[in-house]
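Visitor: For reference, the structure I am asking about is given below.
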Amino acid sequence: MGNNFKQEVLTRRTFAIISHPDAGKTTLTEKLLLFGGAIRDAGTVKAKKTGKYATSDWMEIEKQRGISVTSSVMQFDYDGFRVNILDTPGHQDFSEDTYRTLMAVDSAVMIIDSAKGIEEQTLKLFKVCRMRGIPIFTFMNKLDRQGKSPLELLAELEEVLGIESYPMNWPIGMGKEFLGIYDRFHNRVEQFRVSEENRFIPLNEDGEIVGDHPIKTSGLYEQTLEEIMLLNEAGNEFSAERVAQGNLTPVFFGSALTNFGVQTFLESYLQFAPPPKPRQSSNGEIDPLSENFSGFVFKIQANMNPAHRDRIAFIRICSGKFERGMTVNLPRLGKQLKLSQSTSFMAEERNTVEEAVSGDIIGLYDTGTYQIGDTLTTGKEQFQYERLPQFTPELFVRVSAKNVMKQKSFYKGIQQLVQEGAIQLLKTVRMEEYLLGAVGQLQFEVFEHRMKNEYNAEVLMERLGSKIARWVEGDMVDENLSSSRSLLVKDRYDHYVFLFENDFALRWFQEKNPSVKLYNPMDQND
Ligand code: G4P
């Protein structure tokens, strides 16, 4: 395939933004897309989020609630790179999909609201990135507002997340007194709210502004110089290698809303973020530059377009080149498939994709063939990529068919929706009642809505609230150990799982029953 193909792969940068709701993910995404020319107007992504996005054909429920149920993929070109941003849904629509999306990226951008510091959802997503050892780039947002001190924010990165950091730049003041950023990396000061031509002030070898400048008259400049000295003496050293290993996070300060520091961030990100890396498979590592196309399904989204009742399987390409119409192997079924209906994901519309390479995401129309985690291959070699990790559900409901006459559609609906992977199905051992587990509340509502609209099966749901789910090692357990505080259920592979009321119930159970070995699948993902 030659140099052209290699060059294309090496310019791919595929990442997800991890953040807690309201930290500024949508705002930053929009600014990045504007730089890439992928959208023309500010407000496009935002409008989609608030439900005003007229051309979107996302699910009905998404429109009703004005939130993004689906995690989409956005692509743009910048400075010779092709960037793929994978969205990670937040709020209550936080789901296994959100976690799994992180299996399909090569790096992550973590946005932190500088007034709030590290919040719960950021921490959860961070842990998944850490488990994969992918590089993480940090954007401290909302410097145009008063927030925590930058030193305090750095300390949180180390103490709460346990990752070392290297500030690429440093704020000069904040809030009403925000003057700009001291850019350690480019050895310049970037001024806030100053026109493009005059925005940058170069620094001399000692890292100081030469001659007179109004910014120097403010005590904030002096304070910044002192803090920079402290960082130079006591802070971490920059190491591109440690960034690539995910052990050091480069930190950027800025304000997405006012589009300040975003371009500087983007350019440095592109310089240090990795292109697609080799991935482990049952046949050893697969090189992204190898000629044979391969990839895996990390997400299945049903009924993207209600008029067509289609499902789309999202494929992360891991090697070779995708060409529309090509034939691939699906080793799980020992089948060959012709990929003629494919789509790419641009910010404003979905287009038919003719070609894509390692690092890219494509969507394949699916009539029920694919499962999450499926590997697609070409060439003689058939292999499977490593299985996708399991994420432990935290919220549970008991579910049954409202109308006993509709049992058939009820079972069919459950089976198909569970296959998509946003919810897990469990059965109690005694009564064989159906329970659903999810990592976010919204999944149950989506489930209820879709059962009714797509399978004509109304459901009754009884909330069981949050539980601590622990799987049992081995196939044997005394079913009499099931109680209201430690409910014994089976997952869809017939493995035993206890649902504990709380931490206390879990500890009590472990003390009483030391022979029952329990585990949390999320701890086994390493
Ligand atoms: P999310 O996708 O992470 O949930 O966050 P989003 O971008 O929607 O931003 C959440 C809120 O924070 C929005 O305000 C947004 O305007 C604001 N915001 C984002 N970046 C900055 C920043 O750099 N500085 C300041 N001051 N605010 C920022 P909102 O009032 O919830 O929405 P809107 O009505 O302004 O659109």
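Visitor: Arranged from highest to lowest average of other beta-carbon atoms within 10 Å per residue, in what order do the peptides 211-224, 378-391, 247-260 appear? Kindly include the intermediate steps, with their values, before the conclusion.
Guide: Working: 211-224: 13.4, 378-391: 16.2, 247-260: 22.6.
Packing order, densest peptide first, comes out as 247-260, 378-391, 211-224.
Visitor: Please report the spacing between the Cα centers of region 235-256 and region 477-514 in Å, no decimals.
Guide: 42 Å
Visitor: Lys/Arg Cβ at +1, Asp/Glu Cβ at -1, dipole of the chain taken about the Cα centre: which of 500, 175, 123 is farthest positive-ward?
Guide: 500
Visitor: Continuing with the same structure: Return the long-range amide H neighbours of residue 290 (sequence gap of 5 or more, or a different chain), with a cut-off of under 5 Å between placed amide H atoms.
Guide: 320
Visitor: Here's another thing I want to ask about it. Are any of the pairs 127/467; 321/412; 321/427; 31/116 more than 31 Å apart by Cα-Cα distance, and if so, which?
Guide: In this structure, 321/412; 321/427 lie more than 31 Å apart at Cα.
Visitor: Give me the angle, in degrees from 0 to 90, between the Cα long axis of helix 407-420 and the longest principal axis of the Cα atoms of the chain, rounded to the nearest 10.
Guide: The two axes meet at around 30 degrees.
Visitor: If you average the C-alpha positions of region 102-117 and of region 434-452 separately, how far apart do those two centres end up, in angstrom?
Guide: Cα centres, region 102-117 to region 434-452: 27 Å.
Visitor: While we're on this one: Can you classify region 14-272 as rounded, prolate or oblate using the Cα gyration tensor, where a ≥ b ≥ c are the square roots of its eigenvalues, rounded means a/c under 1.5, and otherwise it's prolate if a/b beats b/c and oblate if not?
Guide: prolate
Visitor: How large is the helix-only mean residue ellipticity at 222 nm for the chain, computed as the sum of -39500 (n - 2.57) over DSSP H runs with n ≥ 4, divided by its residue count, in deg cm²/dmol to the nearest 500? Show your work: numbers first, answer last.
Guide: Working: 13 runs with 128 residues, N = 526.
Theoretical 222 nm ellipticity from helices: -7000 deg cm²/dmol.
Visitor: Using modelled backbone amide H atoms (1.01 Å from N, in-plane), which distant-in-sequence or interchain residues come within less than 5 Å of residue 326's amide H?
Guide: 339
Visitor: Check residue 370: other-chain or 5+ apart residues with amide H under 5 Å from its amide H, H built from backbone geometry?
Guide: Sorted by chain and number, the residues that satisfy this come to none at all.
Visitor: Using the per-residue mean of other Cβ atoms lying within 10 Å as a proxy for protection, in what order, highest first, do the peptides 286-299, 401-414 fall? Walk me through the numbers on the way to the answer.
Guide: Details: 286-299: 22.1, 401-414: 15.3.
Highest to lowest by the protection proxy: 286-299, 401-414.
Visitor: Label region 447-526 by shape, choosing from rounded, prolate and oblate, from the square roots a ≥ b ≥ c of the eigenvalues of the Cα gyration tensor; if a/c is under 1.5 it is rounded, and otherwise prolate applies when a/b is larger than b/c, oblate when it is not.
Guide: Prolate, because a/c is 1.5 or more and a/b exceeds b/c.
Visitor: Take each of the peptides 356-364, 489-497, average the number of other beta-carbon atoms within 10 Å over its residues, and list them starting from the highest. Present the calculation step by step, with values, prior to reporting the outcome.
Guide: Working: 356-364: 25.4, 489-497: 16.2.
Packing order, densest peptide first, comes out as 356-364, 489-497.
Visitor: Another question about this same structure. Need one word for the chain: rounded, prolate or oblate. Basis is the Cα gyration tensor (sqrt eigenvalues a ≥ b ≥ c); a/c below 1.5 gives rounded, then a/b vs b/c decides. Don't jump to the answer; show the numbers that get you there.
Guide: Details: a/c = 1.86, a/b = 1.49, b/c = 1.25.
In terms of gyration-tensor shape, prolate.
Visitor: Going by alpha carbons, how many degrees (0 to 90, nearest 10) lie between the helix axis of 25-35 and the longest principal axis of the chain?
Guide: 60 degrees
Visitor: Here is a follow-up. Excluding ligands and nucleic acids, what accessible area in Å² is computed for residue 22 using a 1.4 Å probe, to the nearest 10?
Guide: Taking all protein chains as shown, residue 22 has close to 100 Å².
Visitor: Could you check the spin-label model distance between residue 240 and residue 412? Points 7 Å from the Cα along Cα→Cβ, value in nm.
Guide: 5.7 nm
Visitor: Once the dipole of region 395-524 is set up with Lys and Arg at +1 and Asp and Glu at -1 on Cβ about the Cα centre, which of 457, 522, 510 lies farthest towards its positive end?
Guide: It is 457.
Visitor: How much length would be gained if the chain were fully extended between residue 402 and residue 507, taking 0.36 nm per residue of separation minus their Cα-Cα distance, in nm to one decimal?
Guide: 34.1 nm
Visitor: What do you get for GluC sites (Glu not before Pro) in region 418-526 restricted to DSSP loop and a cutoff of at most 15 other Cβ within 10 Å of the site's Cβ?
Guide: 432, 433, 458, 473
Visitor: If you don't mind, another one. Once you charge only the Cβ atoms, +1 for Lys and Arg and -1 for Asp and Glu, what is the size of the charge dipole of the chain about its Cα centre, to the nearest 20 debye?
Guide: About 2120 debye.
Visitor: If one takes the longest principal axis of the Cα atoms in the chain, at what angle in degrees, from 0 to 90 and to the nearest 10, does the Cα axis of helix 442-455 lie?
Guide: Once rounded, one gets 50 degrees.
The values are calculated or read from the model by the stated rules, or taken from the named source; none is laboratory data. Just so you know, these numbers come straight off a predicted model, no measurement behind them. Cβ: placed from backbone, ideal geometry, glycine included. Neighbour counts: every protein chain shown. Ligands, DNA and RNA are excluded from the accessible area calculation, which covers all protein heavy atoms including side chains. Shrake-Rupley method; radii C 1.70, N 1.55, O 1.52, S 1.80 Å.
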